[in-house]
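Below is one structure, written out as C-alpha cells, with a few remarks after it.
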Amino acid sequence: GVQLVAAGSDRLLVSATGAVSVFRGNGDSLFLAPPGSEVVLKKAGATFEMSPRGSLAKSVYDSLGRLVYAQDINNNRDSVKWEGSTDKILKVKDPVGKEITFNYNGSGTFTHFTSLSGGAARETRVTINATTNQLTRDSIPSPTAAPYTTTYTYQSYPGTKTVVLAKRIGVLTDTTVVVYDSTAKRRPVQVKLP
C-alpha cells in the first residue's frame, strides 16, 4: 500500500507502484506539497494527516509512515492495525465494523486470513514459497475431501529481479495463462482463459 517515509525533514509519499511524491518539510511539521498538488500534509501529534485541500476527508499515518486509517467526508473510516513496529498487518476494519484478520506462522510468514462474510467467519488459507515469498496456492473454505484450491506459477527474469504471474490453475485444472508483450517491457497483453 501507500507509505509516508521520512527523508530528513521531508516526507515521501510512496505509492504501491513505487511512484513518489515529495513533500518538502520545514522542521518535520510544515510541509510544502509537490507542484500542482491539491493535497495538504500536516503533523498532528505523533501522526501525519493528509487531506485534499478544503475537505474533511483524510488519511492518517503513524510515526513510522504506515496508514492507520482513511476517513471520507462523512466520517466513514477504514482502519488498519499493525504488529508493533513491523510491516505486518494484523487487521483491516471497514466503516461498519467488519474485520479481516491476518494470521502468520512462527517464522512470520503469512498463512491465512479470516473474514466475516454474511456474518460467519470464513478462513482463506494460502501457501507462500519460503524462498521467493511468492503466493503459490490459496484455498477458500471447502470440504477437506474436495478442497477448492488455486495454484499460481511465475516467470522470473534473471538479473532483473522481475517476476511476473505466468499461470493460475484452478480446482478443475482450469488454467489461465498470462501472455506478456516482450522480455523488455513485460506488460500483459493477453490472457488465455480455460
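The values are calculated or read from the model by the stated rules, or taken from the named source; none is laboratory data. Because the structure is a prediction, the values reported are computed rather than measured. FYI the Cβ positions are ideal-geometry reconstructions off the backbone, even for glycines, and counts take in every protein chain you see. Heads up: the accessible areas ignore ligands, DNA and RNA and are worked out on the full protein's heavy atoms, side chains in. Shrake-Rupley method; radii C 1.70, N 1.55, O 1.52, S 1.80 Å.
Here are the numbers for the structure shown:
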| read-out | value |
| --- | --- |
| Strands (runs of 3 or more DSSP E) wholly inside region 1-115 that include at least 2 residues being out of contact with any Ser or Thr (no Cβ under 8 Å at 6 or more places or on another chain), small (Gly, Ala, Ser) and touching a residue at least 24 places away in the same chain (Cβ under 8 Å) | none |
| Boolean, Thr86 is touching a Lys or Arg at 6+ places or on another chain (Cβ under 7 Å) and either open to solvent by 40 Å² or more (accessible area, probe 1.4 Å) or under 30 Å from Ser139 (Cα atoms) (or both) | no |
| Residue list for region 66-84, restricted to those being more than 17 Å from the chain's Cα centre (by Cα) and either at positive phi or hydroxyl-bearing (Ser, Thr, Tyr) (or both) | Asn75, Gly84 |
| Of all residues in region 53-63 being modelled with pLDDT of 95 or more and open to solvent by 30 Å² or more (accessible area, probe 1.4 Å), the one that is nearest to the chain's Cα centre (by Cα) | Ser59 |
| Criterion violated by Ala44 - all others in (1) farther than 24 Å from Ser85 by Cβ; (2) more than 23 Å from the chain's Cα centre (by Cα); (3) of a type in the set (A, V, I, L, M) satisfied | (1) |
